[in-house]
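Below is one structure; the comments refer to it alone.
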């Protein structure tokens, strides 16, 4: 039995206990026709399987958020199996200095969403996503912005299934980080 609840930032150390891994078996190669003017094609390309672990790379430490941002306009959701945290989602809005918000006060950003590997494909991510979208609507926000990478095909398919629209492709978003230089940033927007 999974219990879902909205929590506050005091739960972030528990939130960080939830693994954030992606099994990568393929990625979307983005083929440009006529240097992009003729459109783009996403070609699923197999790779030697590997696991991308966001926590191991230090990119997913949410307990540090209170030191970086004013969290007054953020929401935190978690899923628990008994006492164990097995999923979480974080939504940011109306926060000065958050680049992803683009200065908009009518936009939410799905800052983070994760489900423990052993609990994936059980509807937990869907429930957390729905909670994040519902909270955003109640705040009077009109869109939710979402970022993922071209090597996270499960996330790409999930956001597309939610009705989100791919609005930006940035092949150089991670250029200054040799670890991620090969990844392409995909930005989605979901009308709420």
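Brief remarks follow.
- Nearest 10 degrees, 0 to 90: helix 124-138 Cα axis against the chain principal axis: 80
- Value of relative contact order over the stretch 75-147, rounded to a whole percent, pairs C-alpha under 8 Å and six or more apart: 33
- Here the simple spin-label model places points 7 Å from the Cα toward Cβ, and for residue 99 and residue 33 these points are separated by 3.3 nm.
- Length-normalised contact order of the stretch 107-179 in % [C-alpha pairs under 8 Å, at least 6 apart]: 33
- The peptide list 61-73, 40-52, put in order of mean Cβ contacts within 10 Å with the highest first, becomes 61-73, 40-52.
- Two-site FRET efficiency, residue 26 against residue 142, from Cβ-Cβ distance with R₀ of 35 Å, rounded to 0.05: 0.55
- Three-way shape label, the stretch 105-191, alpha-carbon gyration tensor, a/c 1.5: oblate
- For the chain, calculated [θ]222 nm from helices alone, where every DSSP H run of n ≥ 4 adds -39500 (n - 2.57): -4500 deg cm²/dmol
- GNM result for the chain, Cα springs below 10 Å: residue of 94, 55, 138 fluctuating most strongly: 138
- Inter-part distance where the stretch 58-98 and the stretch 138-169 are each reduced to a Cα centre, Å: 18
- 4 °C / 1.567 mPa s Stokes-Einstein diffusion coefficient of the stretch 2-191, Kirkwood radius on C-alpha pairs, µm²/s: 74
- Rounded if a/c under 1.5, otherwise prolate or oblate - the stretch 16-96, Cα gyration tensor axes: oblate
- For the chain: relative contact order, % (alpha-carbon pairs under 8 angstrom, 6 or more apart): 19
- Ordering of 164-176, 114-126 by packing is 114-126, 164-176, highest average first (other Cβ atoms within 10 Å, averaged per residue).
- Förster radius 25 Å - calculated FRET efficiency between residue 61 and residue 172 (Cβ-Cβ, nearest 0.05): 0.50
Readers should treat all values here as calculations from the given coordinates under stated rules, not as data from a laboratory. Bear in mind that the values here come from a model prediction, so they are computed numbers and not experimental data. Note that each Cβ is placed from the backbone with ideal geometry, even for glycine, and that neighbours are counted across all protein chains shown.
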